[in-house]
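J.: This is the structure I want to talk about, given as structure tokens.
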Amino acid sequence: MGMRLGINLGYWGAGMDADNLAVAQEADRLGYDVCWAAEAYGSDAATVLTWVAAHTERIDVASGIFQIPARTPAMTAMTAATLDSLSGGRFRLGLGVSGPQVSEGWYGVKFDKPLARTREYVEIIRKAMSRERLTHEGQHWTLPLPGGPGKPIKLTVHPEREEIPLYIAAIGPKNLEQTGEIANGVLLVFFSPEHAEDTTLQYLRQGRATAGRTLDGFDVCPTVPMAVGDDIEALADLFRPYTALYVGGMGSRKQNFYNKLAQRMGYEKEAAEIQEKYLAGDKEGAAAAVPLELIDSTTLIGPVDRIADRMRAYADAGVTTLSLAPAGFTRDERLSSLRAGVEALERAGLATA
């Protein structure tokens, strides 16, 4: 059994631009499989991935994620085909609906029926990238628009590959099930190997069965924060603000996917306390309320041998690509973590040829 490694650059900017490129190049040199870039309401992922692809040779570049409310499906198909062509067949398309605050506050797109919207979006993208003439009649998009001058058009750019791998960011049970049905892989956060079957895999498996498939060949790809060292509690403290932001501050009080995930993992009381404090403006209190066990089960912290043990747990839980988000305040710290990730994978006996 093997497991591939990825690197998640997160959001570009914040003075880390040169460091992020160095991280991507070192990951390329070390044999990492894929490099993900995110977007929210700052840097866009497409431009970042173009820059990374131009300065690397072998590593795949991937959107983690392109936000569905940010682009029409045809524009996403154009971007994916162009990136795949320019990179020599190294692009992977990750999609997600974002959240209600960003969708409605930043893009002015109503956050309603996210599952149906995602399904249609994927259908249109796949049809466009197949280079057949684009027509679609759905609840959210009709192409061409009826009664006007529009006509069915086909994509003129040739992607390098016949099928560009398509991933969907999913957390909730219904989204996970649909993702298993319509995508080639899933993008996960706050993934705990100990809770993988109950929170994630059973729903992916149901979706795959609906499509007449199994999880074989389906890429289960969580992003996992990582920090190397001997003091477990001090390393966990590095990720307290990050965990509190997601569990307490992402979305609204009623609609926070990450808070619900923490609850499904058995942290109902703690998730409520974190959210209460975070939304009241007490971010330090929210971070302090995050249980050490929650951080430890959803990150890779400790010496290399301990991280290797945890990597085996991720592989045993069905993870096929483990994307690392290495902590570090300097370029050297992050590059060192990248090398430690490869060393841990080798010690775990999970390195692929």
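The values are calculated or read from the model by the stated rules, or taken from the named source; none is laboratory data. Given the structure is predicted, the values throughout are model-derived calculations rather than measurements. Counting neighbours? That spans all protein chains shown, and the Cβs are built from the backbone with ideal geometry, glycine included.
J.: For the range 18-54, give me each residue that is in contact with a Phe, Trp or Tyr (Cβ under 8 Å, 6 or more places away or on another chain) and among the small types (Gly, Ala, Ser).
T.: Once the filter is applied, which keeps residues that are in contact with a Phe, Trp or Tyr (Cβ under 8 Å, 6 or more places away or on another chain) and among the small types (Gly, Ala, Ser), the range 18-54 yields 37, 38, 40, 42, 43, 45, 46, 53.
J.: What helices (runs of 4 or more DSSP H) completely inside the range 255-295 contain at least 3 residues that are among the aromatic types (Phe, Trp, Tyr) and out of contact with any Leu (no Cβ under 9 Å at 6 or more places or on another chain)?
T.: So the answer is none; nothing clears 3.
J.: Scanning for something surrounded by 23 or more Cβ atoms within 10 Å (Cβ to Cβ), in the same structural domain as residue 179 (by TED's automatic domain parsing), touching a residue at least 24 places away in the same chain (Cβ under 8 Å) and among the aliphatic types (A, V, I, L, M), does the range 100-107 turn up at least one residue?
T.: Within the range 100-107 (the criterion being surrounded by 23 or more Cβ atoms within 10 Å (Cβ to Cβ), in the same structural domain as residue 179 (by TED's automatic domain parsing), touching a residue at least 24 places away in the same chain (Cβ under 8 Å) and among the aliphatic types (A, V, I, L, M)), the answer is no, since none of the residues qualifies.
J.: Could I ask something else about it? For the range 317-338, what are the residues that are touching a helix residue (DSSP H, G or I) at 6+ places or on another chain (Cβ under 7 Å) and part of a helix (DSSP H, G or I)?
T.: 331, 334, 335, 338
J.: Same structure, new question: Tally the residues that are among the small types (Gly, Ala, Ser) and surrounded by 15 or more Cβ atoms within 10 Å (Cβ to Cβ), restricting the search to the range 108-124.
T.: So the count comes out to 0.
J.: Those residues that are outside any loop (DSSP other than H, G, I, E, B) and in contact with a Gly (Cβ under 6 Å, 6 or more places away or on another chain), I need them from the range 83-111; list them, please.
T.: 94
J.: What do you reckon, is residue 212 of a type outside the set (Val, Ile, Thr), buried (at least 16 other Cβ atoms within 10 Å of the Cβ) and more than 19 Å from residue 291 (Cβ to Cβ)?
T.: For residue 212, the condition - of a type outside the set (Val, Ile, Thr), buried (at least 16 other Cβ atoms within 10 Å of the Cβ) and more than 19 Å from residue 291 (Cβ to Cβ) - is not met.
J.: Residue 331: of a type outside the set (Val, Ile, Thr), at pLDDT 95 or above and either surrounded by 20 or more Cβ atoms within 10 Å (Cβ to Cβ) or on the phi < 0 side of the Ramachandran plot (or both), yes or no?
T.: no
J.: Additional query: Checking the structure you have, find out if any residue of the range 164-173 is touching a helix residue (DSSP H, G or I) at 6+ places or on another chain (Cβ under 9 Å) and surrounded by fewer than 15 Cβ atoms within 10 Å (Cβ to Cβ).
T.: Checked against the condition, which is being touching a helix residue (DSSP H, G or I) at 6+ places or on another chain (Cβ under 9 Å) and surrounded by fewer than 15 Cβ atoms within 10 Å (Cβ to Cβ), the range 164-173 yields no hits at all.
J.: From the list 158, 140, which one is assigned by TED's automatic domain parsing to the domain that holds residue 71, within 17 Å of residue 71 (Cβ to Cβ) and not in a helix (DSSP H, G or I)?
T.: Going through 158, 140 in turn, just one is assigned by TED's automatic domain parsing to the domain that holds residue 71, within 17 Å of residue 71 (Cβ to Cβ) and not in a helix (DSSP H, G or I): 140.
J.: Now, a different point. Just name the residue that is surrounded by the most Cβ atoms within 10 Å (Cβ to Cβ) out of those in the range 235-281 that are without any contact (Cβ under 8 Å) to a residue 60 or more places away in the chain and among the aromatic types (Phe, Trp, Tyr).
T.: Here the residue is 278.
J.: Which numbered condition trips up residue 232, out of (1) buried (at least 20 other Cβ atoms within 10 Å of the Cβ); (2) at pLDDT 95 or above?
T.: (1)
J.: On the given criteria, is residue 177 part of a helix (DSSP H, G or I), of a type in the set (Asp, Glu) and surrounded by 19 or more Cβ atoms within 10 Å (Cβ to Cβ)?
T.: For residue 177, the condition - part of a helix (DSSP H, G or I), of a type in the set (Asp, Glu) and surrounded by 19 or more Cβ atoms within 10 Å (Cβ to Cβ) - is met.
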